[in-house]
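So the structure is just underneath, and the comments pick up after that.
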Amino acid sequence: MATFIYTKDYSEFKIPYFESSKEEIPKSLYASMLEAYIEQGCFAFQSSLSTKQDIYSQFMSLCSSFGSEAITDASRRLTSKLGTSTKYKLSSVDMEFPHVNPHSETSFSPAKPSLIAFTCLEISKEAASHAPTTLIDGNSLWDSLELNHRKELSSILISYRLAIDIPVKKRKSKIRDWYLDYSSISNSILDYENGKIMFDYYVPFVTEHPITRKLSIANHAFIDLKTEPQILSRKFFQLRNDILKEVTIPSQVLVKLDQQIKTFYWRNGLSLFIDNHRFMHGRLSYDMNQIRNIFIRQYKTLNFNHFS
Ligand SMILES: [Fe+2]
């Protein structure tokens, strides 16, 4: 498959935008944010609070209102000093790569979150104007494809070989066969020596949204594998005459992807909430010496209880 490369300047995403001058966000504003999230798949919230600790606390309050069952990402080591307890630990989005191609967070594993939330606690002027997050609406991308490409892609599976960091104590036996209680997994091995679980995982290239049932492209097909060390290999397969055949993704799909990219620029106190089953995100290249402290939280499911 041809490699995806960001090609041009992209237009800014017209995101549903909310702000509040109060420390405690009014209930009516929560309802409007939820509505925007369900209809448009994302929203932004600008905090008017001045200290990092206050912005952080307000962000966490928003997170616990919209998300349920927080997921810890073992591959993200850099955490915020503000998050002193495990419950409230924030993980930095900026690992050691200047740009990141479009992807849906952890879509290569059954741990894929439904909701991802980002908050910016500090950013330099330079990074604020040159290091936007990229956003791609996977519903729109799918709808933009020609019928012959949709026909081709709708029967493609992505096969990943993964090595996920887990906390295990070293034992005499270095590895052993394992079982993970999820669908579409095979060849699981627990590696005690390196503290990893390794397995194969299969997912459709195009997926159905669990709530809207709309088809969306929100996967890890376009990511450079150098930027995702948990993926050891990635292949694309199609079932033809009872045989799984390895295939490539048509290059026109990469062109359509590039056409769908929008940008989202960061400011201090700005938060972004994304439906990870619908949207892909990434980052344009920037000077990594610049200050850009953006943190991510991930949630397995949406929390509708708060609004009942
Ligand atoms: Fe990501």
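Any read-out appearing in this document is the output of simple, stated calculations on the displayed coordinates, not a laboratory observation. In this text the structure is predicted, and so the values were computed from the model without any measurement. Here the Cβ is made from the backbone with ideal geometry for all residues, glycine too, and neighbour counts use every protein chain on show.
Near Lys262, which lysines are there with a Cα under 19 Å away, not counting those fewer than 8 places off in the same chain? Here the lysines satisfying the reach criterion relative to Lys262 are Lys8, Lys14. Positive end of the dipole of the range 184-308 (Cβ unit charges, origin at the Cα centre): among Thr301, Phe237, Asn187, the Cα lying farthest that way belongs to Thr301. Over the range 143-253, Cα pairs under 8 Å with separation of 6+ residues give a relative contact order of 31 percent. Summary value for the chain: 36 percent relative contact order, contacts being C-alpha pairs under 8 angstrom separated by 6+ residues. Between Glu35 and Ser173, the contour length at 0.36 nm per residue exceeds the Cα-Cα span by 44.5 nm.
Loop exposure criterion: GluC sites (Glu not before Pro), DSSP state outside H, G, I, E and B, at most 16 other Cβ atoms within 10 Å. Applied to the chain, the longest stretch between such sites is 194-308.
Placing +1 on each Lys and Arg Cβ and -1 on each Asp and Glu Cβ, with no other charges, gives the range 143-253 a dipole about its Cα centre of roughly 420 debye.
Summing Cβ point charges (Lys, Arg +1; Asp, Glu -1) relative to the Cα centre of the chain gives a dipole of roughly 800 debye.
Using just its DSSP H runs of length 4 or more, each adding -39500 (n - 2.57), the chain gives a mean residue ellipticity at 222 nm of -5500 deg cm²/dmol after division by all residues. Neighbours of Gln58, meaning other residues whose beta-carbon lies under 9 angstrom from its beta-carbon, give a summed charge of -3 when Lys and Arg score +1 and Asp and Glu score -1. Counted residue by residue at 0.36 nm each, then reduced by the alpha carbon distance between them, the extension gain from Asp54 to Tyr192 reaches 45.6 nm. Annotation for the range 1-58: trypsin sites (Lys or Arg not before Pro) lying in DSSP loop with at most 12 further Cβ atoms inside 10 Å of their Cβ are Lys8, Lys14, Lys22. Starting from one equal scatterer on each C-alpha and no solvent at all, send me the Debye-based log10 I(q)/I(0) for the chain at q = 0.09, 0.12, 0.13, 0.15 Å⁻¹, two decimals. Log-scaled intensity ratios, in q order: -0.47, -0.84, -0.99, -1.30.
Ordered from longest to shortest, the equivalent ellipsoid semi-axes for the range 143-253 are 32, 14, 14 Å, each the square root of 5 times a Cα gyration tensor eigenvalue.
GNM on the chain, C-alpha springs below 10 Å: top fluctuator among Asn219, Asn101, Asn293? Its mean-square fluctuation being the largest, the pick is Asn293. With a simple spin-label model that places each label point 7 Å from the Cα along the Cα-to-Cβ direction, the separation between Thr301 and Ser129 comes to 4.6 nm.
Taking the range 143-253 as the region of interest, the number of lysine pairs whose Cα atoms are within less than 21 Å, with members eight or more places apart or on different chains, is 10.
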